[in-house]
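The structure appears right after this line, and notes come after that.
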Amino acid sequence: MLSRLVLVIFTIAVTASAQQGDNPGETQRLRVPRDRIPPSPALTPSQALGTFLVPEGFRLEIAAAEPLIESPVAIEFDPDGRLWVLEMRGFMRTLDGLGEDQPFGRVSVLEDADGDGRMDRSTVFIDGLVMARAFALVRDGLLLAEPPNLWFLRDTNGDGRADEKNLVANDYATQADPKLGNRANPEHSSNSLLRTLDNWIYSANHATRFRNTAGLWQREPTLSRGQWGLSQDDFGRLFYNSNSDQLRADLVPYSYLNRNSNYPNVSGANYRVASDQTVWPGRVNPGVNRGYQPGQLREDGTLKTFTGACGPVIYRGDQFPIEFRGNAFVCEPTGNLVRRNVLFETNNVISARNPYQNGEFLTSTDERFRPVNLGNGPDGALYIVDMYRGVIQHRIYVTSYLRGQAEERGLESPIDRGRIYRVVFDANVQQQMPNLAEATSQILTAHLSHSNGWWRDTAQRMLVERGDRSVVETLRQLAVSNPSALGQLHALWTLEGLSSLTPEVLEACRNSNHPRVRAAAMRLCERFLSSRWRNEVVERLLQSAGDHAPEAQLQLALTLGEIDNAEARKAMQTILTQNPRNNLIRDAVLSGLAGKELDFLNQLLAGDFSKEPASWTASILTTLSQCVFTGRQPQQIGRLLELATLQTNNAAWKQLAILDGAVVSQPRRRGRRTSPSGTPIPFEIKPAALESLGASKDPDVLERLEQISALISWPGKDSSTAEPDIKPLTADQLARFEMGKELYMTTCGACHQPHGNGQEGLAPPLRDSEWVVGSEKRLILVALHGVRGPITVKGKQFDMDMPPLAILDDEQISTILTYIRREWGHTADPVEQSTVARIRGETEERLDAWTETELLKIP
């Protein structure tokens, strides 16, 4: 036994350079003794049922299995309860990923013909797909993602197969475009098309949302969210995750978060809901891709933390006990488990807790159980999509250790399996499957108040898509007087989808007993701010300033920012004063002050807001000052400095707070503050406030004044201490800078954000990043081949993977890199197209992503 184990370790060591997922110099040592690893045979669906452990009262049932389906990755029930399944049959057919460029994928429609609860009839709606990865039922067809295209498919002759195919977009999941060959990366590509309460279709890992109105497709930019999987709660808030970060959410709609370029770091999106990343599998997990690394597995051989979190869903059914409603369930296929998170909300902030001490909601002793997605069913059950295979890791990231595990233990096959499980609670009756396709609009309207979220969502979708205005008055009555708050919400958004909202309906809903309904009414009022009802709507919204419910306060703060007048800003001050330490409220207010930050700062100083010094008061004054300086308008900055001079004696702390904002608004260069792009803010004459501030005897004021002086210029200013001249961009380089800015916003901005500060848990900052302003060659290599974490950026470690941008040509990459090396105060040299072409040619044989260790060896 020992000799064989030594042989395995030796084999892994000598083949370590053969796999793309290997990190140079690593010793891939087995950490689970062979005699502690149980056999992992491929089980039949019935046998697999015996491997699950769930809480008392729950059980699993087989909803569908092979040979009906193979390698399922996504599901959706249609209005008649048929189960649509996307089968990614081309994924990892071999350990080398052979066949991923072949048309093996398909979408099947499953039916339970004999009514026994198990699907027994399959119709292939479309096959011949190459790595298709997401779909959504829309109108009388299917929105399907087949990289890099988003198709709308219809069956026009009633035979159950798609015969009409129209292109909606050609830039979806471009990282998985088959044209990339071996560089195609399905693990980091757009997926999970989800229609939400606001009638838009969102995706995970994609920065565009879609909507079909009267048969016409619309698209708008949005936040790129998570890695694989997307869900919503009853109020339309989006939940998502990445492999090692099990649950995040948008606490506020993203549309509000990007409206003030002077204040880019707005909280409320990509919020970490679950801080606990530990997992408790039901078996040892030696087949984890990096199971050889210290800390990846426990001493007992079980997976220690999430490494494959995906497919989250908020349970919105009505078959489980009531305490399960609104819980978040998360797949962990590498640990063969499903996590349950109980969600708690305080002042609009959501947190999660695992209710099982050192345990999980569902575990399996079957190593091939690979839950990759979850869904709510029309019967109130929770559905689990099990890809069922031994190897779930994509070839790009497969290590020699995992390959050795797979080959030695026969995990690489079979690959033609797949199951859909139904989780039910024994004590509660399961609902019958629906029959809504031919239901009247009046019946659908009644279902907007159903206790099961699937019915509410489906009824809303069908009503909006039908465009049947005969039920508009009924919908308005439901929105106003429905005893169900969820019914009111769905009625409101159905009216929005039908363009049938009225100020009167919204005013009635603004007085609802439920704060979520009042908040939705405030948000929807924004549609009338550019109409003849504006004054009436604004007056009514201002009356809501006395609504102290946290949900209403937050939404009102967001909506008032869309009004842009003095009365609205007074109401915003009231809300801010009532919620002094609430970061969401603070950012909601600040995000709505674009160009009006100085007016608001004056307003605060003139009122009761800043009478007493406090850390939160000083922080708000500093942030407002920071926004003014970020705007780079000399007249406003001059007024700001004059305002600072007036804050003396007992108000000296306000003076320092204002000056601090000017200082922190700019990045550091060589230990000093500099203005954006390295160019000082030009004044026609020296600001008089500098003389007044210079006469101060307070060393703290003088220290800040010295830093502020370096940020501005005026004719005749002594430049002896100025920063060295920055070589200006040529006309050609400037043109490429502008082209790069546009490409950055569409290609990189969703993750790294327009302000370059990145997103926690998703993408590191580019602004002031040593990787951006440092070695040109390293930066080009990262763009061409991607990077595999962990990687340290600005002193913080990011355990994430960045896919390559190899689909872009040399010119496009050079323009993006030129942009990020000269934006946000950066002064690094631009990147030439010829340089990218040369380095691409030198490394064309490389297929795997770079590691930090490798990159640091490159000058």
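The values are calculated or read from the model by the stated rules, or taken from the named source; none is laboratory data. Since the model is a prediction, treat every value here as computed from it, not as a measurement. Because the Cβ atoms are built from the backbone with ideal geometry, glycine has one as well, and the counts that use them run over all protein chains shown. All accessible areas refer to the heavy atoms of the entire protein, side chains included, with ligands and DNA or RNA removed. Shrake-Rupley method; radii C 1.70, N 1.55, O 1.52, S 1.80 Å.
So if I check each of Gly295, Gly268, Gly282, Gly301, which one is more than 23 Å from the chain's Cα centre (by Cα), of a type outside the set (Ser, Thr, Tyr) and open to solvent by less than 30 Å² (accessible area, probe 1.4 Å)?
Details: Gly295 fails: open to solvent by less than 30 Å² (accessible area, probe 1.4 Å); Gly268 fails: more than 23 Å from the chain's Cα centre (by Cα); Gly282 fails: open to solvent by less than 30 Å² (accessible area, probe 1.4 Å).
Sole residue among the options that is more than 23 Å from the chain's Cα centre (by Cα), of a type outside the set (Ser, Thr, Tyr) and open to solvent by less than 30 Å² (accessible area, probe 1.4 Å): Gly301.
State the number of residues belonging to segment 789-822 that are assigned to a helix (DSSP H, G or I) and either among the β-branched types (Val, Ile, Thr) or over 17 Å from Lys777 (Cα atoms) (or both).
So in segment 789-822, the residues assigned to a helix (DSSP H, G or I) come out as 810-822.
Of the ones still in play, those that are also either among the β-branched types (Val, Ile, Thr) or over 17 Å from Lys777 (Cα atoms) (or both) are 813, 815-816, 818, 820.
Number of matching residues: 5.
Take Pro724 and tell me if it is modelled with pLDDT under 90, open to solvent by 80 Å² or more (accessible area, probe 1.4 Å) and either under 45 Å from the mean Cα position of the chain (by Cα) or of a type outside the set (A, V, I, L, M, F, W, C) (or both).
yes
Considering Ser231, Ser224, Ser190, Ser242, which residue is hydroxyl-bearing (Ser, Thr, Tyr), touching a residue at least 40 places away in the same chain (Cβ under 8 Å) and over 30 Å from Ile585 (Cα atoms)?
Numbers: Ser231 fails: over 30 Å from Ile585 (Cα atoms); Ser224 fails: over 30 Å from Ile585 (Cα atoms); Ser242 fails: over 30 Å from Ile585 (Cα atoms).
After applying the criteria, what remains is Ser190.
Name the single residue, out of those in segment 788-825 being polar (S, T, N, Q) and open to solvent by 10 Å² or more (accessible area, probe 1.4 Å), that is nearest to Thr843 (Cα to Cα). Quick ask: steps written out before the conclusion?
Going residue by residue through segment 788-825, those that are polar (S, T, N, Q) are 792, 797, 812, 814-815, 818.
The next check asks that each one be open to solvent by 10 Å² or more (accessible area, probe 1.4 Å); those that pass are 792, 797, 812.
On the way: Thr792: 24, Gln797: 27, Gln812: 18 Å.
Only one residue tops the list, namely Gln812.
Limited to segment 251-265, what total is found for residues that are open to solvent by less than 10 Å² (accessible area, probe 1.4 Å) and in contact with a strand residue (DSSP E or B) (Cβ under 6 Å, 6 or more places away or on another chain)?
The total comes to 0.
Of the conditions (1) in contact with an Asp or Glu (Cβ under 6 Å, 6 or more places away or on another chain); (2) surrounded by fewer than 24 Cβ atoms within 10 Å (Cβ to Cβ), Leu238 satisfies every one except a single condition; which number is it?
Looking at each condition in turn, Leu238 falls short on (2).
Based on this model, can you work out whether Leu624 counts as in contact with a Leu (Cβ under 9 Å, 6 or more places away or on another chain) and open to solvent by less than 20 Å² (accessible area, probe 1.4 Å)?
When the stated conditions are applied, Leu624 passes them.
Among the candidates Ser231, Ser203, single out the residue that is within 23 Å of the chain's Cα centre (by Cα), more than 30 Å from Trp850 (Cβ to Cβ) and of a type in the set (Gly, Ala, Ser).
Numbers: Ser203 fails: more than 30 Å from Trp850 (Cβ to Cβ).
Exactly one of Ser231, Ser203 is within 23 Å of the chain's Cα centre (by Cα), more than 30 Å from Trp850 (Cβ to Cβ) and of a type in the set (Gly, Ala, Ser), namely Ser231.
Of everything in segment 727-778, what is charged (D, E, K, R), modelled with pLDDT under 85 and surrounded by fewer than 17 Cβ atoms within 10 Å (Cβ to Cβ)? Give them in sequence order.
Across segment 727-778, the qualifying residues are Lys727, Glu742, Glu760.
Got a sec? Which of Arg368, Arg340 is farther than 16 Å from Tyr240 by Cα and of a type outside the set (S, T, N, Q)? Outline the logic, then answer.
Values: Arg340 fails: farther than 16 Å from Tyr240 by Cα.
Matching residue, one of Arg368, Arg340: Arg368.
Can you name the residue in segment 222-236 that is under 22 Å from Ala520 (Cα atoms) and in contact with a strand residue (DSSP E or B) (Cβ under 9 Å, 6 or more places away or on another chain) and, of all such residues, is modelled with the lowest pLDDT? So that I can check it myself, show each step before the final result.
Start the filter on segment 222-236 by keeping residues that are under 22 Å from Ala520 (Cα atoms), which leaves 222-223, 230-236.
The next check asks that each one be in contact with a strand residue (DSSP E or B) (Cβ under 9 Å, 6 or more places away or on another chain); those that pass are 222-223, 230-234.
Working: Thr222: 92, Leu223: 89, Leu230: 98, Ser231: 98, Gln232: 98, Asp233: 98, Asp234: 98.
Looking at the filtered set, the residue picked out is Leu223.
Can you spot a residue in segment 282-297 that is in contact with a Gly (Cβ under 7 Å, 6 or more places away or on another chain) and closer than 28 Å to Ala552 by Cβ?
Within segment 282-297, not a single residue is in contact with a Gly (Cβ under 7 Å, 6 or more places away or on another chain) and closer than 28 Å to Ala552 by Cβ.
Hey, among Arg540, Arg534, Arg527, Arg476, which residue is closer than 30 Å to Phe77 by Cα and out of contact with any Pro (no Cβ under 7 Å at 6 or more places or on another chain)? First the steps, then the outcome.
Numbers: Arg540 fails: closer than 30 Å to Phe77 by Cα; Arg534 fails: closer than 30 Å to Phe77 by Cα; Arg527 fails: closer than 30 Å to Phe77 by Cα.
Residue meeting the stated conditions: Arg476.
Among the candidates Glu691, Glu706, single out the residue that is surrounded by fewer than 12 Cβ atoms within 10 Å (Cβ to Cβ), in a helix (DSSP H, G or I) and modelled with pLDDT of 85 or more.
Answer to the check: Glu691.
Starting from residues that are modelled with pLDDT under 90 and among the small types (Gly, Ala, Ser), keep the ones in segment 799-827 and report whichever is nearest to Asp768 (Cα to Cα).
Ranking the candidates gives Gly825 first.
So which of Leu576, Leu598, Leu556, Leu584 ends up being in contact (Cβ under 8 Å) with a residue 24 or more places away in the chain, within 19 Å of Glu526 (Cβ to Cβ) and out of contact with any strand residue (DSSP E or B) (no Cβ under 9 Å at 6 or more places or on another chain)?
Just one listed residue meets the conditions, Leu556.
Here is a yes/no grid of residues against (1) more than 27 Å from Pro186 (Cβ to Cβ); (2) charged (D, E, K, R):
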residue	(1), (2)
Asn757	yes, no
Lys796	yes, yes
Leu808	no, no
Thr827	yes, no
Pro830	yes, no
Val836	no, no
Gly841	no, no
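Tell me, which residue of segment 847-859 that is more than 12 Å from Val782 (Cβ to Cβ) and part of a loop (DSSP other than H, G, I, E, B) is least open to solvent (accessible area, probe 1.4 Å)?
Restricting to residues being more than 12 Å from Val782 (Cβ to Cβ) and part of a loop (DSSP other than H, G, I, E, B), the top hit is Asp848.
How about segment 827-839: which of its residues are buried (at least 19 other Cβ atoms within 10 Å of the Cβ) and touching an Asp or Glu at 6+ places or on another chain (Cβ under 8 Å)?
Within segment 827-839, Val831, Val836 meet the criteria.
Considering only residues that are in a helix (DSSP H, G or I), among the charged types (D, E, K, R), touching a strand residue (DSSP E or B) at 6+ places or on another chain (Cβ under 8 Å) and closer than 30 Å to Pro371 by Cβ, which ones fall in segment 423-482?
Restricting attention to segment 423-482, the residues satisfying the condition of being in a helix (DSSP H, G or I) are 441-447, 453-466, 469-481.
From what's left, among the charged types (D, E, K, R): 456-457, 461, 465-466, 469, 473, 476.
From what is left, the residues that are touching a strand residue (DSSP E or B) at 6+ places or on another chain (Cβ under 8 Å) are 457, 461, 465.
Within segment 423-482, Asp457, Arg461 qualify.
Could you list, in sequence order, all residues of segment 516-554 that are closer than 16 Å to Gln573 by Cβ, open to solvent by less than 40 Å² (accessible area, probe 1.4 Å), part of a helix (DSSP H, G or I) and touching a Leu at 6+ places or on another chain (Cβ under 9 Å)?
Correct list: Leu541, Ser544, Ala545, Leu554.
Could you pull out every one of the strands (runs of 3 or more DSSP E) wholly within segment 100-215 that has 1 or more residues that are acidic (Asp, Glu) and closer than 30 Å to Pro45 by Cα? Before you say what the answer is, go through the steps one by one.
Working: elements: 105-111, 121-129, 134-138, 141-146, 149-154, 164-169, 191-195, 201-204, 208-213.
Strands (runs of 3 or more DSSP E) meeting the threshold: 105-111, 121-129, 141-146.
Restricted to segment 406-420, and to residues that are closer than 17 Å to Arg290 by Cα and not charged (D, E, K, R), which residue is surrounded by the fewest Cβ atoms within 10 Å (Cβ to Cβ)?
That would be Ala406.
Which of the residues belonging to segment 472-502 are free of Cβ contacts under 8 Å to residues at least 60 places away in the same chain, farther than 17 Å from His514 by Cα and surrounded by fewer than 22 Cβ atoms within 10 Å (Cβ to Cβ)? Lay out the reasoning, then the answer.
In the first step, residues of segment 472-502 are kept if they are free of Cβ contacts under 8 Å to residues at least 60 places away in the same chain; the result is 472-485, 487-488, 491-492, 494-495, 498-502.
From what's left, farther than 17 Å from His514 by Cα: 472-475, 494-495, 498-502.
Correct list: Val472, Glu473, Thr474, Leu498, Ser499, Ser500, Thr502.
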